[in-house]
Amino acid sequence: PENQNLQNAYTDMGVMVLKCVIEDVTKMRFTDYVQEMILNIAGMNETYLNVPIELRNRCINENYSTIINNQGRQVIRMDNEKGTVHDPKAKAIGHELGIASGHAGYFSTTEDMMKLSASLQNGNIITPKSLFKISNNNVGKKYVNEDGTINYNYYYGSLVFLKQPEIGRLSVYYPLSGKAFMSPGFAGTSFCLDPLNNISL
């Protein structure tokens, strides 16, 4: 219907397609591209697509996450091994064989994520202009319901979560600037960067 408003525009298909575009343009495997253009530049030596078995004791347990199956029932995941991807699409694409899906599967440490943040802030990976464009709202909008009340659909930037106009729908911590963005992990981890105030969480 014409007056239908999309409540949640999130999908991971965009980054899966982006991975294919990167491979086509650069003529490199996505994992090699990530290694050369991000991990090496930032000095991220403890970030892995597949965590080596001898280091998996350092990983958090990703079990106990809840999904809704196609019958609408809640299913608590208990079958995931530490340091291995749990996303079914990533598994189907070949994550265990070292084939990155583009949307899931990299494991990192707090120290490495702070290195990523510093490299982004310093313009080592992308330009400062591009960093600020990440948090441009691409889909969120304000709309008026039939009864006159005002509502918003979710604000998303370039494949990241943004601060929402309604505090009850917050993704980014409210006191951070409007240029802050967040990339949450399904297992409960998240990375947030406020380039305006030079704050990383």
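The single residue among ASN136, ASN70 that is more than 26 Å from MET28 (Cα to Cα), more than 20 Å from the chain's Cα centre (by Cα) and part of a loop (DSSP other than H, G, I, E, B) turns out to be ASN70. If you go through the stretch 58-70 and keep only what is in contact (Cβ under 8 Å) with a residue 12 or more places away in the chain and either surrounded by 14 or more Cβ atoms within 10 Å (Cβ to Cβ) or more than 22 Å from MET114 (Cβ to Cβ) (or both), you end up with CYS59, ASN61, GLU62, ASN63, TYR64, SER65. Just one residue in the set LEU159, LEU131, LEU201, LEU193 is open to solvent by 50 Å² or more (accessible area, probe 1.4 Å), of a type in the set (A, V, I, L, M), in contact (Cβ under 8 Å) with a residue 12 or more places away in the chain and out of contact with any Cys (no Cβ under 9 Å at 6 or more places or on another chain); that residue is LEU159.
In the stretch 12-26, the residues that are closer than 18 Å to ILE134 by Cβ form Cβ pairs under 9 Å with partners that are open to solvent by 80 Å² or more (accessible area, probe 1.4 Å), at six or more places apart or across chains, as follows: ASP12/LEU159; GLY14/LEU159; VAL15/LEU159; LEU18/LEU159. Is it fair to say GLY105 is in a loop (DSSP other than H, G, I, E, B), of a type in the set (Gly, Ala, Ser) and open to solvent by less than 30 Å² (accessible area, probe 1.4 Å)? When the stated conditions are applied, GLY105 passes them. Among the residues here, ASP87 does not qualify as open to solvent by 80 Å² or more (accessible area, probe 1.4 Å), at negative phi and out of contact with any Pro (no Cβ under 9 Å at 6 or more places or on another chain).
The values are calculated or read from the model by the stated rules, or taken from the named source; none is laboratory data. These numbers were taken from a predicted model, which means no experiment stands behind them. Neighbour counts are summed over all protein chains in view; Cβ atoms, including those assigned to glycine, are modelled from backbone coordinates with ideal geometry. Ligands, DNA and RNA are stripped out before the accessible areas are found, and what is left, the full protein with its side chains, is counted by its heavy atoms. Shrake-Rupley method; radii C 1.70, N 1.55, O 1.52, S 1.80 Å.
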